[in-house]
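Single-structure report; data block below.
The values are calculated or read from the model by the stated rules, or taken from the named source; none is laboratory data. As the structure is a computational prediction, the values presented were derived from the model and not from experiment. Every residue, glycine as well, gets a Cβ built from its backbone with ideal geometry; the counts of neighbours run over all protein chains shown.
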Amino acid sequence: MTVTLTFLALLMAGFVAWLFSHSVNVRPWVAGSSETARRTQVPEWVTAPRMGLMVLLATVTSVFTLIISAYLMRMEMGADWHPLPDSALLWFNSALLVLASVALHGAWRAARQDAVERVRHLLIAGGGLSALFVVGQLLVWRQLAVEGYYLATNPANAFYYLLTSLHGLHLLGGLVAWAKVFRRLQRGGEPARLRSGIELCAVYWDFLLLVWVVVFALLLKT
């Protein structure tokens, strides 16, 4: 349960840091409005896409927390729990996801500077590295299957495939959003107009990276 609480604490800290980063140096009230309007004005950083992403992240956090809790409880229930061997490819995949997150943050910064070509290159890098991460995870699955670690062999295998597949599906969902932003950029959209979409992608990738770090650490430890 300690791991579960740590997982929750890390994710909640991420939420708070993200909110704080968007509220610093932002004028909370519209200049020149009346006193009543100033009291009821919603802060400028509160937008529908950002709030929608927060709701999504909170839901995904709950799902992973429940699965990790079940993982820890099942692990302590019997002698039929046999952890999978560590794979060097998982470390390589983790590095790919880190680089993808860095690239998308770079695209976000470039969008704020209206650097079209740099935005394009960094978006391609972020999406490409993320796709390679998914391919790498599939290769790990294939490697485990060749070595005889099938889904139904023991509970540890089942939880491994469940956690990694769930994380991969959420990353694929993020790639769908990434593709929409990239398509708009290719059709001539200005980085300033695409800034919100790039920002949400960068934050979502940070979240998936954090989830993967927790999951990967859990698998290595147990």
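Among the conditions (1) at pLDDT below 85; (2) under 28 Å from LEU139 (Cβ atoms); (3) aliphatic (A, V, I, L, M), the only one that ALA37 does not satisfy is (2).
Each row is one residue, and each column tells you yes or no for (1) of a type in the set (A, V, I, L, M); (2) farther than 18 Å from TRP212 by Cβ; (3) in a helix (DSSP H, G or I).
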| residue | (1), (2), (3) |
| --- | --- |
| MET54 | yes, yes, yes |
| VAL63 | yes, no, yes |
| MET77 | yes, yes, no |
| TRP81 | no, yes, no |
| PRO85 | no, yes, no |
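The residues of the stretch 70-80 that are surrounded by 15 or more Cβ atoms within 10 Å (Cβ to Cβ) and more than 29 Å from ALA131 (Cβ to Cβ), listed by number, are LEU72, ARG74, MET75.
Could you list, in sequence order, the residues of the stretch 128-161 that are surrounded by 16 or more Cβ atoms within 10 Å (Cβ to Cβ) and among the β-branched types (Val, Ile, Thr)? Of everything in the stretch 128-161, those that are surrounded by 16 or more Cβ atoms within 10 Å (Cβ to Cβ) and among the β-branched types (Val, Ile, Thr) turn out to be VAL134, VAL140. Here PRO28 qualifies as exposed (fewer than 15 other Cβ atoms within 10 Å of the Cβ), over 18 Å from SER165 (Cα atoms) and either over 22 Å from the mean Cα position of the chain (by Cα) or at pLDDT below 85 (or both). Taking the numbered list (1) over 30 Å from GLU76 (Cβ atoms); (2) exposed (fewer than 14 other Cβ atoms within 10 Å of the Cβ) in turn, TYR204 passes all entries but (2).
The C-beta contact set for the stretch 148-166 (first residue within 14 Å of ALA70 (Cα to Cα), second residue part of a helix (DSSP H, G or I) and of a type outside the set (A, V, I, L, M, F, W, C), distance under 6 angstrom, 6+ apart or interchain) comprises PRO155/ARG74; PHE159/TYR71. Of the residues in the stretch 207-222, at least one is of a type outside the set (A, V, I, L, M, F, W, C), closer than 30 Å to MET77 by Cβ and in contact with a Pro (Cβ under 8 Å, 6 or more places away or on another chain). Highlighted here would be helices (runs of 4 or more DSSP H) found entirely within the stretch 88-203 that include at least 3 residues which are touching a strand residue (DSSP E or B) at 6+ places or on another chain (Cβ under 6 Å), but there are none. For the stretch 167-196, filtered to residues that are surrounded by 14 or more Cβ atoms within 10 Å (Cβ to Cβ) and free of Cβ contacts under 8 Å to residues at least 24 places away in the same chain, the residue that is nearest to the chain's Cα centre (by Cα) is GLY173. Can you find even one residue in the stretch 86-100 that is touching a residue at least 60 places away in the same chain (Cβ under 8 Å), surrounded by 15 or more Cβ atoms within 10 Å (Cβ to Cβ) and farther than 30 Å from PRO191 by Cβ? Looking for residues that are touching a residue at least 60 places away in the same chain (Cβ under 8 Å), surrounded by 15 or more Cβ atoms within 10 Å (Cβ to Cβ) and farther than 30 Å from PRO191 by Cβ, one finds at least one in the stretch 86-100, hence yes.
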